[in-house]
1. Return an integer: the convex hull volume of the alpha-carbon atoms of the range 71-188, in Å³ per residue.
2. Going by a ≥ b ≥ c, the root eigenvalues of the Cα gyration tensor, does the range 160-201 fall in the rounded group (a/c under 1.5), the prolate group (a/b larger than b/c) or the oblate group?
3. Once you list every other residue whose beta carbon is under 12 Å from the beta carbon of Leu72, what net charge do they have if Lys and Arg are +1 and Asp and Glu are -1?
4. Normalised radius of gyration for the range 194-255, please: alpha carbon Rg relative to 2.2 N^0.38 Å, two decimal places.
5. How large is the charge dipole for the chain, taken about the Cα centre, if only the Cβ atoms of Lys, Arg (+1) and Asp, Glu (-1) carry charge, to the nearest 20 debye?
6. What are the semi-axes of the equivalent ellipsoid of the range 124-272, taken as the square roots of 5 times the eigenvalues of the Cα gyration tensor, listed largest first and rounded to whole Å?
7. Taking the radius of gyration and the Kirkwood hydrodynamic radius from Cα positions alone, what is the Rg/Rh ratio for the chain, to two decimal places?
8. Pairwise over distinct Cα atoms, reciprocal of the mean inverse distance: report the Kirkwood radius of the range 22-85 in Å, one decimal place.
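Every read-out reported here was derived from the displayed coordinates using simple, explicitly stated rules and does not represent laboratory data. Remember, predicted model here, so these are calculated numbers, not experimental data. As a convention, Cβ positions derive from the backbone with ideal geometry for all residues, glycine included, and neighbour counts pool all protein chains shown.
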Amino acid sequence: MGRETDKRVLETLDQWHKDSLPGPIELYARLMRIQAEAKSTISFDRPHLPAEAISERLRRGTPVLAFDEMQLDWGKIDSLFAEALSVIGEYFSLGPSPSTIPLQEMARAWYEGEPMSDGDEEEPLLVALHTALKPFLAAQAEALLPYVDQSLWRRGYCPICGSAPNLAVLRGEGGARWLVCARCDAEWRFQRLQCPFCGTKEQGSLGYFPDAQGLYRLYVCEECKGYIKGIDLRHSQSEVLIPLEWISTLDLDRQACELGYKAGELATTNNS
C-alpha cells in the first residue's frame, strides 16, 4: 500500500471508530486496525530473490513468496495472534483452548493450503492467524510487486503468495481489471471475461450485478457459483482505500449469498 496509504487507512479507521458500526463491520474494522498498526512498523527494502528468479517462477506459474522464504518475527506474530483472538472473543465464543497446534505449524498449513486437524480449522482461528500474518505478507508483497512483470501473470491466484482474490478493481481509461489478493493485498492484471476461480471464459456463464451508481459490482459465475466483489474506480467521486473496501462492502456478500452464490474458491492449491 505504501506509507501514505497506511496512514490514510488508520485515519479512516479512527473515524469509523467514532461512528456506530454494525457488529460484523466493527469486528473487522478492529482487526484491520491491528494489521495496519503492525504494518506501519514493518518495511522490506528489497526482495528476497533476484529479478531473474522472480520472472522464472512467474513463467512456471509458481507464486514468488514461499513460506520458508518469508521474513517473519514470530514473537510479534504470537502477540498479534493473541490480540486478534482477544478481539474475536468479544464477538464469538472460542472455548477454553482455541488451538492445540503450534502457531508456526498452523501458519504453514494455512499458507500452503493444507488441512488442519483436531477441528482447528475453525473460522475464528483462521481470521486471527490472517490478522497476525498479514502485516508481514503485505509488507513483503510491496517489496516484491515492482519486480513482477504483469505480462507474465494472468492467473486467478496471487503472483506473490498464491491466495485467491477477494476484490476486483477496474481502473484506467479502458477499465483494465485488476484482482486484489485476500491475503497480502497484492494486485495483478486479469482478463475481464474470465472467472478467476474456475477459469471459465464462457460468456454465457459470466455476469455481474452493478449498483445504481455504477461504482460497485458483484461478479458471478454460473459454472462454479462463485462471486467476487468489484469496484469501478472510473466512477469514484472520492478517495477509495482499497484495503478497506472488503469491509465496507460486506453487504454485497450478504446479497451474493441470498442470490445463491458463494465466495469464490480456487480450483487447485497454488503454493507449491
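1. Details: hull volume 14.3 nm³, N = 118.
About 121 Å³ per residue, rounded to a whole number.
2. Working: a/c = 2.57, a/b = 1.20, b/c = 2.13.
It is oblate, given that a/c is not under 1.5 and a/b is not larger than b/c.
3. Working: positive: Lys76, Arg108, Lys134; negative: Asp68, Glu69, Asp73, Asp78.
Combined, the nearby Lys, Arg, Asp and Glu give -1.
4. Details: Rg = 12.5 Å, N = 62, 2.2 N^0.38 = 10.6 Å.
The range 194-255 yields a ratio of 1.18.
5. On the way: 28 positive and 40 negative charges, 190 e Å.
That gives the chain a dipole magnitude of about 920 debye.
6. 22, 18, 17
7. Working: Rg = 18.3 Å, Rh = 19.4 Å.
Checking Rg against Rh, the ratio lands at 0.94.
8. Details: mean 1/r = 0.0691 Å⁻¹.
In the range 22-85 this quantity evaluates to 14.5 Å.
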